[in-house]
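The values are calculated or read from the model by the stated rules, or taken from the named source; none is laboratory data. Remember, predicted model here, so these are calculated numbers, not experimental data. Note that each Cβ is placed from the backbone with ideal geometry, even for glycine, and that neighbours are counted across all protein chains shown.
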Amino acid sequence: MSNEHPVLEQAAPEIYRAVILGTGVSGLCMGRALRKAGITSFLIIEKSAGIGGTWWDNTYPGAECDVRSHLYSYSFDLNPDWSQAYAPQPEIREYLVRFATKFDLLPHIRLNAALTSASFDAGQGLWLLQLENGEQLKASFFICSAGPLSEPRYPDIPGMDTYEGRLFHSARWDHDYPLNGKRVAVIGTAASAVQIVPRIAPLAARLYVCQRSPNWIIPRLNHVYAPWEKALFRLKPIAKTNRFLLYWLHEMNRLSFNPSGFMARIGRGLAEWHLRRQVIDPRLRGALRPSYPFGCKRVLLSNDYYPTLMRSNVELIDTPIDRIDRNGIVTRDGQKREVDVIICATGFNVKHMLSVEIRGLQGYRLNEAWAGEPKAYQGVTVASFPNLFILLGPNTGQGHTSAILFIEAQVNYALKCIQEVARQRKRFLSVKPEAMNRYNEELQKTLSTSVWAAGCRSWYKTESGKIIGIYPGFSFQYAKQLREPRFEDYVMC
Ligand SMILES: Cc1cc2nc3c(=O)[nH]c(=O)nc-3n(C[C@H](O)[C@H](O)[C@H](O)COP(=O)(O)OP(=O)(O)OC[C@H]3O[C@@H](n4cnc5c(N)ncnc54)[C@H](O)[C@@H]3O)c2cc1C
């Protein structure tokens, strides 16, 4: 348990109404919704030692929101005190801890509690949840809010196990290892790397940035708020108008992902201009220009990444890595760079809970059901897995706006389902397979002609190329779909 945020213990009831996995934005949002609905018999279990999920794990230098913070906050708990337009990680984590305190969630949270397996007992209509410490919990509803981006993915490079220097993942930053004067390699050049590289370059003796494929990068219009601006954000009408404007500004970004549209040309033009303006060397510029369409991979925001690559102690390595040996990195052209530390900014295993064994009706396993290609009805429920709600589940990622918009829609949906089961005095509800399949066929049809289907590798896709990460529409379309559950698509028992 974290010393920083002591969490009260509560007497364990025999059967919880709901068990929620994780204390990230989603898990906390679900907890607050249950409390607001008068449901207090629930537990939030968290394997880490602190609250915050993504914002507890990612403490790397430069970790910041890449969506405007007044939009990356709950719609019902606006924060007038963000220090800047794109808040840094410690502030976001503090916001989440404050949220948990304010909405009385602390007594419901159990930290250092990892779930290892969950199975649905149809006879009792209960989820049986096995914790790592041997304890078993029982709950009517199981909310899987374990985060699509919570399990670090390490690169699979020959010889990595023979490396004798320090090696860590960006989401598990080793703060006990100062980088001053060290020879550092950063593997990966996506969202985390573009934040890390500018911060550590002034410390390192030498910094090698290993790129597999470049990303489209646009300017980041950050702004530090003056006290008078924060005072204005305290006025509800101003805070709401500001959020409304930000909401629609971000929704407009979605238009830039329509492959041949006007906004796509604007988006790409902006990124090209940014690259031309910041990188003078034509060879470096060529190495940094993506060959795939704007939006195929997540578009990044940074003003200082390109300039950092031009520092005399920094080198962009765009030749693929062949192997890692005892003390360095060897690229396919045979060149070796000796390094003291390797930082893997290589993203996450977007497996949607496959590290926990989940069994539904008749012992059916979720990873068998998915066979490497996660899918769900409206991204939330899965046929044969009754009373299970996945938050930020398959095909609910977005590249253009705040994930919290999707989370809030899913939380309200799950709550309505929970209430309907009680209203009808049933034990469980389960989505019909045909409804789930129909939803996914339509979704995949839309995705097949989208920018995400273009030739790029991204975390939105499986190895086989199926798009499982992203929702192809606007956030208002998704929210509208989820506003009222279509109970005709469910069976209730
Ligand atoms: C570095 C980074 C930056 C990001 N920036 C943005 C951004 O700017 N804007 C945006 O919209 N989105 C951003 N995202 C996406 C971000 O993940 C979501 O916005 C949001 O934080 C997800 O919240 P969550 O609660 O669903 O998942 P998480 O925050 O990942 O929380 C899941 C929690 O579940 C816990 N858990 C997992 N498995 C178990 C288990 N078996 N037992 C117990 N506990 C378990 C984890 O420890 C974790 O605490 C970012 C992601 C990363 C990684």
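Could you grab me the full set of residues in the range 36-60 that are away from the ligand (no atom under 12 Å from the Cβ) and in contact with a helix residue (DSSP H, G or I) (Cβ under 8 Å, 6 or more places away or on another chain)?
Within the range 36-60, A37, I39, T40, F42 qualify.
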### Message
For a quick check of your reading of the model, give me the residue pairs whose first member lies in the range 125-137 and is at positive phi, whose second is surrounded by 16 or more Cβ atoms within 10 Å (Cβ to Cβ) and not in a loop (DSSP other than H, G, I, E, B), with beta-carbon atoms closer than 8 Å and at least 6 apart or on different chains.
### Response
G125/S140
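With the condition being hydrophobic (A, V, I, L, M, F, W, C) and under 26 Å from I39 (Cβ atoms), I'd like the helices (runs of 4 or more DSSP H) fully within the range 395-493 carrying at least 3 qualifying residues. Full working, then the answer.
Values: elements: 403-423, 433-448, 475-483.
Output list reads 403-423.
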### Message
Between a residue in the range 235-259 that is under 15 Å from Y72 (Cβ atoms) and outside the structural domain of S475 (by TED's automatic domain parsing) and any residue that is acidic (D, E) and part of a helix (DSSP H, G or I), which pairs come within a Cβ distance under 8 Å, given they are 6 or more apart or on different chains?
### Response
none
### Message
One residue is enough: does the range 460-482 have a residue meeting the conditions at pLDDT 95 or above, surrounded by fewer than 20 Cβ atoms within 10 Å (Cβ to Cβ) and of a type in the set (K, R)?
### Response
yes
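Only one residue in V209, V184, V224 is more than 16 Å from the ligand (Cβ to nearest atom), surrounded by fewer than 19 Cβ atoms within 10 Å (Cβ to Cβ), outside the structural domain of V451 (by TED's automatic domain parsing) and in contact (Cβ under 8 Å) with a residue 60 or more places away in the chain. Which one? Before the answer, list the steps.
Working: V209 fails: surrounded by fewer than 19 Cβ atoms within 10 Å (Cβ to Cβ); V184 fails: surrounded by fewer than 19 Cβ atoms within 10 Å (Cβ to Cβ).
That would be V224, the only listed residue that is more than 16 Å from the ligand (Cβ to nearest atom), surrounded by fewer than 19 Cβ atoms within 10 Å (Cβ to Cβ), outside the structural domain of V451 (by TED's automatic domain parsing) and in contact (Cβ under 8 Å) with a residue 60 or more places away in the chain.
In the range 227-254, which residues are surrounded by fewer than 16 Cβ atoms within 10 Å (Cβ to Cβ) and among the hydrophobic types (A, V, I, L, M, F, W, C)? Working first, answer last.
Going through the range 227-254, the residues surrounded by fewer than 16 Cβ atoms within 10 Å (Cβ to Cβ) turn out to be 227-232, 234-238, 240-241, 244-245, 248-249, 252.
Scanning the range 227-254 gives W228, A231, L232, L235, I238, F244, L245, W248, L249, M252.
Looking only at the range 204-221, which residues are closer than 24 Å to P80 by Cα and either at pLDDT below 95 or in a strand (DSSP E or B) (or both)? Walk me through how you get there before you give the answer.
Kept after step one, since they are closer than 24 Å to P80 by Cα, are these residues of the range 204-221: 220-221.
Answer for the range 204-221, where residues must be closer than 24 Å to P80 by Cα and either at pLDDT below 95 or in a strand (DSSP E or B) (or both): just L221.
Quick one: in the range 118-151, of everything that is of a type outside the set (A, V, I, L, M) and near the ligand (Cβ under 9 Å from one of its atoms), which residue is nearest to C493 (Cα to Cα)?
Applying the first criterion (of a type outside the set (A, V, I, L, M)) to the range 118-151 yields 119-121, 123-125, 127, 130, 132-136, 138, 140-142, 144-145, 147-148, 150-151.
Add one more test, that the residue is near the ligand (Cβ under 9 Å from one of its atoms), and what stays is 132, 144-145, 147-148, 150-151.
On the way: E132: 31, C144: 21, S145: 24, G147: 29, P148: 30, S150: 34, E151: 35 Å.
Across the range 118-151, the extreme among qualifying residues is C144.
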### Criterion violated by A113 - all others in (1) modelled with pLDDT of 95 or more; (2) in a loop (DSSP other than H, G, I, E, B); (3) of a type in the set (G, A, S); (4) touching a helix residue (DSSP H, G or I) at 6+ places or on another chain (Cβ under 9 Å) satisfied
(4)
### Query
Somewhere in the range 324-346, is a residue among the polar types (S, T, N, Q), modelled with pLDDT of 95 or more and under 23 Å from the mean Cα position of the chain (by Cα)?
yes
### Task
Could you check, for the range 94-108, whether at least one of its residues is among the acidic types (D, E), in contact with a Lys or Arg (Cβ under 7 Å, 6 or more places away or on another chain), surrounded by fewer than 22 Cβ atoms within 10 Å (Cβ to Cβ) and modelled with pLDDT of 95 or more?
yes
### Query
So F294 fits all but one of (1) aromatic (F, W, Y); (2) without any contact (Cβ under 8 Å) to a residue 60 or more places away in the chain; (3) part of a loop (DSSP other than H, G, I, E, B); what number is the exception?
(2)
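If a residue has to be of a type outside the set (S, T, N, Q) and within 16 Å of the ligand (Cβ to nearest atom) to count, how many in the range 152-173 make the cut?
At the first step, the residues of the range 152-173 found to be of a type outside the set (S, T, N, Q) are 152-161, 163-169, 171-173.
Narrowing further to those that are within 16 Å of the ligand (Cβ to nearest atom): 152-154, 168-169, 171-173.
So the count comes out to 8.
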### Task
Give the residues of the range 393-418 that are touching a Ser or Thr at 6+ places or on another chain (Cβ under 9 Å) and within 9 Å of the ligand (Cβ to nearest atom), sorted by residue number.
Q398, T401, S402, A403, I404, L405, F406, I407
### Whichever residue in the range 10-35 is assigned to a loop (DSSP other than H, G, I, E, B) and near the ligand (Cβ under 10 Å from one of its atoms) and, among such residues, is nearest to the chain's Cα centre (by Cα)
G24
### Message
I'd like to know if the range 360-382 contains one or more residues that are within 10 Å of the ligand (Cβ to nearest atom), within 30 Å of A193 (Cα to Cα) and surrounded by fewer than 24 Cβ atoms within 10 Å (Cβ to Cβ).
### Response
no
